[in-house]
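The block underneath contains the structure these notes are about, expressed in structure tokens.
Readers should treat all values here as calculations from the given coordinates under stated rules, not as data from a laboratory. Since the model is a prediction, treat every value here as computed from it, not as a measurement.
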């Protein structure tokens, strides 16, 4: 059996077309985009063409795209940049309890600097309740940061409605869209976000490059000083090969999204059905309706998710037990705890995220492996035998 990769929320393989587009910029087209000679102009032209392609994917203006090293830097620039620039207007930030660590740790750091942060709870599907958000807004609230879709359970948040509440109070809205860009349509005009983070390696592009969309007129402060690159918002020589790769990946996902999304949704639903029909005391974590295509988080009683992961790995199947950034931690997932699960239920979870390479045959094989693994480990567990 060929190796089966079902951990696409952690990272994706670089598409062949993306690698092909990048390679010349490591060798003959190696110029610095800030240089004035022909080599530099060639790099600058590629940089700005890439900016247009990324903007097109988001329905944004090219001048609203700032290239970064990835989602974490984009999140930091959004939160810290807004907080520092607007601190005279207020020092209160609202986010949710299920955000990526790039948001949560940045918020905790800002708290140590004198800012106040409200961490909104979510319902059992992982959804932010608009009534809770409305109650949390204060006169000194300057920023709301809610992820577009969660990286562990795939639940998609009601950002249009959240934007309505933010706009009423003239509050900036940022969304971490690392997991959604390239998987579902993301239109910043329709969504209404003021800032949006994305990362290339989640959409078949290279690691180490991403972007932050910043709506025109947004008051934000740079975090890095230097040569004033990216309109003074992100100093540092641009990673032209990586940016070109991000742009080519953006074009590819834009072309295939309409067909790939439904295909992955069908595979996701088939896997859930095959597993839940054969295993008792198992469930889906998160929303069954408002979630990403290809994203499935399964919970199992009386078994450890890490044991299931390692067993599947021995069968050539790659999945995870949570976000890749937290995979070496022993604590239960903060996302699953926020859903109301008990710690032991959190530990019995698997995150399965499918992508381009996965097929119906893969799904059937993985379902068989999961059933086999759960039955095996429950058979040797005192709780599973009771």
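The table that follows gives values for the structure above.
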{"item": "All-pairs alpha carbon distance profile, segment 14-90, 10 Å steps from 0, percent", "result": "16, 33, 35, 13, 4"}
{"item": "Among 343, 139, 121, residue whose mean-square fluctuation peaks in a GNM of the chain (springs only between Cα atoms under 10 Å)", "result": "139"}
{"item": "Kirkwood hydrodynamic radius (C-alpha pairs) into Stokes-Einstein, segment 82-191, 37 °C and 0.692 mPa s, D in µm²/s", "result": "232 µm²/s"}
{"item": "Taking the chain and dividing mean pair separation by its residue count, relative contact order in percent (alpha carbons under 8 Å, at least six apart)", "result": "22 percent"}
{"item": "Volume per residue that the Cα convex hull of segment 215-322 spans, once the total is divided by residue count, Å³", "result": "219 Å³"}
{"item": "Anisotropy class of the chain from Cα gyration tensor, a/c 1.5 cut", "result": "oblate"}
{"item": "Folded to 0 to 90 degrees: helix 360-379 orientation relative to the chain principal axis, Cα", "result": "60 degrees"}
{"item": "Candidates 34, 96, 222: whichever shows maximal mean-square fluctuation once the chain is modelled as a Gaussian network with Cα springs under 10 Å", "result": "34"}
{"item": "GNM result for the chain, Cα springs below 10 Å: residue of 154, 217, 340 fluctuating most strongly", "result": "217"}
{"item": "Euclidean distance between Cα centres, segment 86-146 to segment 187-259, Å", "result": "23 Å"}
{"item": "Relative contact order %, segment 134-231, counting alpha carbon pairs below 8 Å whose residues are six or more apart", "result": "21 percent"}
{"item": "Extended-chain gain in nm, criterion 0.36 nm per residue less alpha-carbon gap, residue 290 and residue 224", "result": "20.0 nm"}
{"item": "Principal-axis tilt of helix 38-58 within the chain, Cα atoms, nearest 10 degrees", "result": "50 degrees"}
